[in-house]
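Input: a single structure, listed below in structure tokens.
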Amino acid sequence: MSPLFESALISAMLASTIRGTTPILLAALGEAYVERAGLLNLGIEGMMVAGAFSSFVVALNLNNLLCGFLTAAVVGLALGLLFGFLTITLRANQIVVGLGLTIFAHSMSSFLHRVIFGNQFPILFGAGGTHEIPLVSQIPVLGQALFNQHGLVYLTFLMVPLMHAGMYKTRFGLRIRAVGESPWAADAAGVSVDRIRYRAILLGGLMAGLGGAFLALGDLAFFVPDISMGRGYIAIVVVMLGKWNPLKVCCGALLFGMAMALTSTLQVTGIKISPDFILMTPYLVVIVTLLLFARSTNLPSSLCIPYERGQKGQ
Amino acid sequence: MHNAHLVALKPAVASILAILCSLITSGIILLFIGRNPLVYFSLLFAKGIGTPLGVIESIIRMTPLLIISAGLLSCFSAGLWNIGVEGQFLVGAMLAGWAAPALSASLPYPIYLFATAILGIAGGMAWIFLPAVLKARYDINEIITTLMMSWVAINLTAWLVKGPINDLSSVPAQTPLIPLDHRLPMIPLTRIHVGLIMGIASLLGTHWVIRRTTLGYRFRVISANKQAALRAGMRVPRIIVYSLLISGGFAGLAGVSEVLAIKGLFQAGWNPQYGMTTIPLVFLARLNGWAVIPLAFFFSFLAVGGEFVARDLDVPVFFVHVMEGLTLLFFAASEYFAKRRILK
């Protein structure tokens, strides 16, 4: 292989790692807050597909990408609200609601796509455009990979330190952690458990919706029902791997992003390793990590347990 | 509440109300896209349970749900969440698809069936072994580890079937077809395979074990109060592992039954996602084996009826899953009201 080709390949792979990481990272950052608040949202997958579909339809019809992203944000918030209402207000089982929400949102998107477009899969021209940042994009190999990306990519990675500071340095972050760790103590200290949990799940829904929108508008420029391919579940795994710490969550998301980028890069270079095998490896890494550092998982104590004043949960 | 019978009926009433709500909401969605909901639903019921064909198809479709439910009863009643049913199902199915052609050629028919079933059960159990041990020894959340193992299985089975254990004569990656006379036998006089009997037997068997045996009692104590179980001298970690292994084993068995009775082979990328339906279903049946049966029938009827109607009325087949998702959400909400009224 010529050195020129090699550096182009590395650059392309880096770029696609970053692009592939973005939707997972968006959803995972939101889910880190949600889980810290004591909720497990298995509906992320559905929220991402719904975000992808709604943003795509609106952007295609209004020919305006921004409107698309805004729609996805609204849809994400609405689904987050639904999840919150069922699990926080009605104290329904979070796993049932999460799986039900994923089935509903995913199939509703596929259904409406078929109703609107039939068997056609139109392409949205103009989507997926990148913004080159002057000067730094001229750095060899890295420049084009890191600084010639979609606007949302920069925003997402910028959010990592912000969300980290938000979690550990603000009152809201402290309350989120308190509510997930010992809701009765937070309640006794005058923090409204339900209100904090609602805020967390709304944030989670918003981020998952945007993650889906990035898939449709930033990455692919079209919509297919299987667009998310389990990225919502990957986000949940990544949050667990990163132990609810936004910085570590980002590393975990990069691991999966890299595996996805590897599958396509290896095909280009003609190395015959099955994509299925490569996609399996990040999960194995997570499992090995769990085995090695098994003793130190500090799961939010009240994860998945509904809070009811005067009762010690189920 | 004065009347004991009414109290017992509450969950049933709440479930029926939930189904009604989801039908009404689905009807509104149909109105929005310009279809007549009354025509849709009358056809759905006519095709789904109005004809022998529909009923038989729904019953056949019910089988994997019943077998998986049997396992989920075991782990849910111990307060453990096995979310990775899909992975265990796929591993069991893949092992069956891979081993059945060879085993059927060398072993007598009954022994071959038995061996394949054992292999699938072992596969399902192997797939939950690691999460079970992590949960038992280090208290690592089984929800996330089983989910993760499920994704490993989805990719691993696809990889194995495309490569190492592929029948290279076929273009789509799949295992060799199992000859018809080596499939699961039918229940006499019907075209329903014996998997159904297996499903009902395992479901009611597990129900009995949980309600009437020491092991089941231990499951329930662990679920209710782990500290109490420890103080009472129960070997909690071991019981946790048993409970999860049982659930993985049944999921593997469901995979075997689907391959031996319906598919006849294992195909890369094939994933019917029975777990998505069964996990909420068992929970909504309040861990009662008897209540699982009508619920499983309802969801299979939705799937079968919806597929028939999709062809006739040009309503995309995805609509079935929209209804399924809505029903689950309304069921989850109805739990709240069902509990409420009993408390008062």
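The values are calculated or read from the model by the stated rules, or taken from the named source; none is laboratory data. Keep in mind the model is a prediction, meaning the values are calculated, not measured. Using ideal geometry, Cβ is built from the backbone for each residue, glycine included, and neighbour counts are taken over all protein chains shown. The area values use the complete protein model at the heavy-atom level, side chains included, leaving out ligands, DNA and RNA. Shrake-Rupley method; radii C 1.70, N 1.55, O 1.52, S 1.80 Å.
Entry note, chain A: the mean residue ellipticity at 222 nm calculated from DSSP H runs of n ≥ 4, each adding -39500 (n - 2.57), is -23000 deg cm²/dmol after division by the residues and rounding to the nearest 500. Using a 1.4 angstrom probe on protein heavy atoms only, the contact between B and A buries about 4300 square angstrom of accessible area, both sides summed.
Label-to-label distance, A:Thr170 versus B:Ile118, with points set 7 angstrom from Cα along the beta-carbon direction: 6.0 nm.
Accessible area per residue (1.4 Å probe, heavy atoms of protein chains only) ranks A:Tyr283, B:Tyr336, B:Tyr138 as B:Tyr138, B:Tyr336, A:Tyr283, with the largest value leading. Packing here is the average count of other Cβ atoms within 10 Å per residue, and on that basis the peptides B:20-29, A:48-57, highest first, run A:48-57, B:20-29.
When the other protein chains are added to the chain by itself, burial of at least 40 square angstrom of heavy-atom accessible area (probe 1.4 Å, ligands and nucleic acids ignored) affects these residues of region B:289-334: B:Pro316, B:Phe318, B:Val322, B:Leu329, B:Ala332.
Be a star and scan region B:47-82 for residues whose amide nitrogen sits under 12 Å from the point 7 Å along the Cα-to-Cβ vector of B:Leu189. No residue passes the distance filter.
Charges were assigned to the Cβ only: +1 to each Lys and Arg, -1 to each Asp and Glu. The resulting dipole of the protein assembly as shown about its Cα centre is roughly 2240 debye. Heavy-atom accessible area with a 1.4 Å probe sorts B:Trp290, B:Trp81, largest first, into B:Trp290, B:Trp81.
Between the amide H of B:Gly163 and any residue lying 5 or more places away or on another chain, no distance stays under 5 Å, with hydrogens modeled in the peptide plane. Averaged over peptide B:10-19, the number of partner chain Cβ atoms lying within 10 Å of each residue's Cβ comes to 0. Dipole orientation for region B:219-344: of the candidates B:Ile222, B:Leu245, B:Gln267, B:Ile222 has the Cα lying most toward the positive pole (charges on Cβ; Lys, Arg +1; Asp, Glu -1). Global size of chain B: 21.0, 69 Å for Rg and Dmax (C-alpha atoms, Rg to one decimal, Dmax whole).
The tail of the calculated P(r) for region B:1-145, taken as Cα-Cα distances beyond 19 Å, holds 73 percent of the pairs. For A:His131, the residues whose amide H sits under 5 Å from its own are A:Gln149, A:His150, A:Gly151, ignoring neighbours fewer than 5 places away on the same chain, with H placed 1.01 Å from N. Per residue, the protein assembly as shown exposes 42 Å² of solvent-accessible protein surface, assessed with a 1.4 angstrom probe and all protein chains in place. Distant-in-sequence amide contacts of B:His193, defined by a placed amide H-H separation under 5 Å and a gap of 5 or more residues or a different chain, comprise B:Ile187. Would you work out if the protein assembly as shown is rounded, prolate or oblate? Take a ≥ b ≥ c from the square roots of the eigenvalues of the alpha-carbon gyration tensor; rounded if a/c is under 1.5, else prolate when a/b is larger than b/c, oblate otherwise. Verdict is rounded for the protein assembly as shown.
Across chain A, the fraction of Cα-Cα pairs farther apart than 30 Å, rounded to a whole number, is 35%. In region A:1-58, the C-alpha radius of gyration followed by the widest Cα-Cα span (Dmax) gives 17.0, 52 angstrom. The residues of region B:116-149 listed by number as losing at least 30 Å² of accessible area in the complex, against the isolated chain and with a 1.4 Å probe, are B:Leu130, B:Leu134, B:Tyr138, B:Ile140, B:Asn141, B:Ile143, B:Ile144, B:Leu147, B:Met148. Counts of other chain beta carbons within 10 angstrom of each beta carbon in peptide A:106-119 average 5.
Counting protein heavy atoms only, region A:145-226 has 66 percent of its accessible area on carbon and sulfur, 1.4 angstrom probe. Surface composition of region B:171-276: carbon and sulfur make up 62 percent of the accessible area, probe 1.4 Å. Relative to the longest principal Cα axis of chain A, at what angle does helix A:275-292 sit, 0 to 90 degrees, rounded to 10? Between the helix axis and the principal axis of chain A, the angle is about 40 degrees.
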